[in-house]
Amino acid sequence: MGAARASALGRTPLGGKLTLRVPWPTSTIDPHDLRNATAALFAAAIADPLFGLDANGVAYPTLAATVPTREGADTVVRLRDGLRTARQAPLSGADLIFSVERARARGAAAALVDVPAPRPHPRDAMAVLFRGADPQRLARPGLAHGRALPGASSPPRPTAPAPSVLRRAAPP
């Protein structure tokens, strides 16, 4: 039996190929660009959020391991173990930091106004710290609608986690 695979939103990656034709270019789907009309239609198919919201508006983890928790003056968001891109690159907290900052720069500044700048957790590579953030507000609406992407990815050639997308930070 192989290693357990992480699948966000309860989907089981089965493989295969799906081909669609749409009357506009899809080569630049960018879930972080709020002005990207193609992403508005297809982002949910290629990029899962960190948190989902149930019918009552209560946040639940999807790419995150748990809902945000307090650790002293910080709020911790930890990614699930085993997340990998479609190209099998592992994902970490550095990818989450890169994604939040990229989304903020690509038009999501208003949606992320209550989200402090993320920073790495000193003892957990899968976790990110948000100084002074309210855990409830961070999960909803803060990061609940945010898409996470791996840094080796670029819009013309996305590197999606199967089935999600996290942006992978470039090496220092």
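Rule-based calculations on the coordinates, nothing more; no lab input. Keep in mind the model is a prediction, meaning the values are calculated, not measured. Positions of Cβ are generated from backbone atoms using ideal geometry, with glycine treated the same way; all protein chains shown enter the neighbour counts.
Across the stretch 101-109, coupling constants 3J(HN,Hα) worked out from phi with the 6.51/-1.76/1.60 Karplus curve, θ = phi - 60°, read 5, 5, 4, 4, 6, 9, x, 9, 4 Hz, and Gly and Pro carry x.
Site pair ALA109 and GLN88 shows an inter-label distance of 4.1 nm when each label is modelled 7 Å from Cα along Cα→Cβ. For the stretch 10-75, the alpha-carbon coordinates run over 50, 31, 23 Å along the three principal axes, in decreasing order.
If each Cα of the stretch 31-122 is one equal point scatterer, what is log10 of I(q)/I(0) from the Debye formula at q = 0.10, 0.16, 0.18 Å⁻¹? These q points yield log10 I(q)/I(0) values of -0.29, -0.77, -1.00.
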